[in-house]
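Since the structure comes first, as structure tokens, the remarks are kept for the end.
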Amino acid sequence: MNQNGSNTRFIAEVAVFSALAYLLDLAASILSLKIWPQGGSISIAMVPVFIMAYRWGIKGGLLTGFLLGLLQFILGFAQIYTIIQGIIDYFIAFTVLGFAGIFARQVKNSLEEGNKGSWMVYSILGTFLGSLLRYICHVYSGIAFFGEYAPKGQPVAVYSLIYNGTYMLPNFIISAIIVVLVLAAIPKRMVVKYQ
């Protein structure tokens, strides 16, 4: 495939996977019990971002994550209290999911070699890295902007670590499982685009 065709495919896939991620997050928020009043939900919206990170590398993951945050921001789905908080919780937090693409080459090579244990480990490591970076963004935002919600006597940092951990840990676990299942189910040629 020529360079223009590859660029067109990249842009189209980023658009489709960003929209899919947004719809998955929207569905999760609609079905949510609003357990997290200052924001947060258990969602599989990170999965399309991780798939793009493994398929196209860091650039695919970062761009897909950024567009997911942008869609949440502009379509009124985001919980924005200040501009800086909105940028951290949406633009930065979802963009950094794309750093899972650091492991794209290892996932690609392991898939090509048929080394199931290896690609599973690398895909989980990437999912963990992206989830951890997103978690750090939300924790920082919680400390800086949501300290007033901490129970009396509880340090704000502890409150933010616990609050954000209650949805980010399940998000990581569920996303890791689904990413592994998706990578195992789709043909190898569909995953391996990273160059």
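So the values come out like this:
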item: Any hit, segment 86-101, residues being acidic (D, E), open to solvent by 50 Å² or more (accessible area, probe 1.4 Å), assigned to a helix (DSSP H, G or I) and in contact (Cβ under 8 Å) with a residue 24 or more places away in the chain; result: no
item: Unique match (being open to solvent by 60 Å² or more (accessible area, probe 1.4 Å), more than 20 Å from I186 (Cα to Cα) and either part of a helix (DSSP H, G or I) or at pLDDT 95 or above (or both)) among L63, L71, L67; result: L63
item: Single unsatisfied condition, I177 versus (1) open to solvent by 50 Å² or more (accessible area, probe 1.4 Å); (2) over 17 Å from W119 (Cα atoms); result: (2)
item: Which listed residue, of Y140, Y149, Y167, is over 30 Å from F10 (Cβ atoms) and touching a Pro at 6+ places or on another chain (Cβ under 9 Å); result: Y149
item: Filter result (over 30 Å from Y81 (Cβ atoms), open to solvent by 40 Å² or more (accessible area, probe 1.4 Å) and part of a helix (DSSP H, G or I)) within segment 104-159; result: R105, Q106, N109, E112, E113, K116, G117, M120, V121, Y122, I124, L125
item: Whichever residue in segment 74-83 is in contact (Cβ under 8 Å) with a residue 24 or more places away in the chain and either aromatic (F, W, Y) or assigned to a helix (DSSP H, G or I) (or both) and, among such residues, is least open to solvent (accessible area, probe 1.4 Å); result: F77
item: Residue check, L23 surrounded by fewer than 17 Cβ atoms within 10 Å (Cβ to Cβ), at pLDDT 90 or above and part of a helix (DSSP H, G or I); result: yes
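The values are calculated or read from the model by the stated rules, or taken from the named source; none is laboratory data. Quick caveat: nothing in here was measured; it's all calculated off a predicted structure. As a convention, Cβ positions derive from the backbone with ideal geometry for all residues, glycine included, and neighbour counts pool all protein chains shown. Surface areas here come from the heavy atoms of the whole protein model, side chains and all, with no ligands, DNA or RNA. Shrake-Rupley method; radii C 1.70, N 1.55, O 1.52, S 1.80 Å.
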